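These notes concern the structure reproduced below.
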Amino acid sequence: MLGGLAVAALLAGGASYLASGSPDGLDATTLTGCTVDADGVITGGSCIAQRAQDHELGGSFLADYGIKGVDDATGLAGLIGVALTFAVGLAIFWAVRRRRNAAAESAAGEQLPAAGTPAAVSAEK
């Protein structure tokens, strides 16, 4: 588990700086049919991207693979994302494990023979 966490942190924190700033395939496809200036603003034509709307969480703390108010924080945002994802996963794991243990203890308690019965007396011997 720690090895996987270390690899994820390395990739999110280090390899993210190697990512291309160019639009990916989906972004490029939605711009097909439009003319775009150097800043990525649509200046003419007709394409799917013209109907795109801003996401309601677009201005949030970790939006657009960065940290609001901090320049070149892609790696740090990646590390925060890995840490948050790990924390949520760990909390879910602990909750499920705790629930299973409680269910197992409850089931084990129900299976024990009552004190004083022949089965309980033979189990004590």
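The values are calculated or read from the model by the stated rules, or taken from the named source; none is laboratory data. Keep in mind it's a predicted model, so treat the numbers as computed, not measured. Methodologically, a virtual Cβ is constructed for each residue, glycine included, from the backbone with ideal geometry; neighbour enumeration extends over all protein chains shown.
What the table below lists for this structure:
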item	result
Selection count where residues are in a loop (DSSP other than H, G, I, E, B) and either more than 19 Å from the chain's Cα centre (by Cα) or surrounded by 11 or more Cβ atoms within 10 Å (Cβ to Cβ) (or both), scope region 38-58	9
Conditions (1) among the polar types (S, T, N, Q); (2) modelled with pLDDT of 90 or more; (3) out of contact with any Asp or Glu (no Cβ under 9 Å at 6 or more places or on another chain): number failed by THR43	(3)
Exclusive hit being closer than 21 Å to LEU5 by Cβ and aromatic (Phe, Trp, Tyr), set PHE61, PHE93	PHE93
Looking only at region 6-32, and only at residues there that are assigned to a loop (DSSP other than H, G, I, E, B) and among the hydrophobic types (A, V, I, L, M, F, W, C), the one that is surrounded by the most Cβ atoms within 10 Å (Cβ to Cβ)	LEU31
Residue check, ALA9 of a type outside the set (S, T, N, Q) and over 24 Å from the mean Cα position of the chain (by Cα)	no
Where a residue in region 43-59 is within 18 Å of ASP24 (Cα to Cα) and its partner, wherever it lies, is assigned to a strand (DSSP E or B) and modelled with pLDDT of 85 or more, with Cβ under 7 Å and at least six apart	CYS47/CYS34; ALA49/CYS34; ALA49/ILE42; GLN50/CYS34; GLN50/ILE42
THR35 touching a strand residue (DSSP E or B) at 6+ places or on another chain (Cβ under 7 Å) and loosely packed, with under 10 Cβ neighbours inside 10 Å	no
One residue from GLY3, GLY21, GLY14 being farther than 30 Å from ARG51 by Cβ and either modelled with pLDDT under 85 or of a type in the set (Asp, Glu) (or both)	GLY14
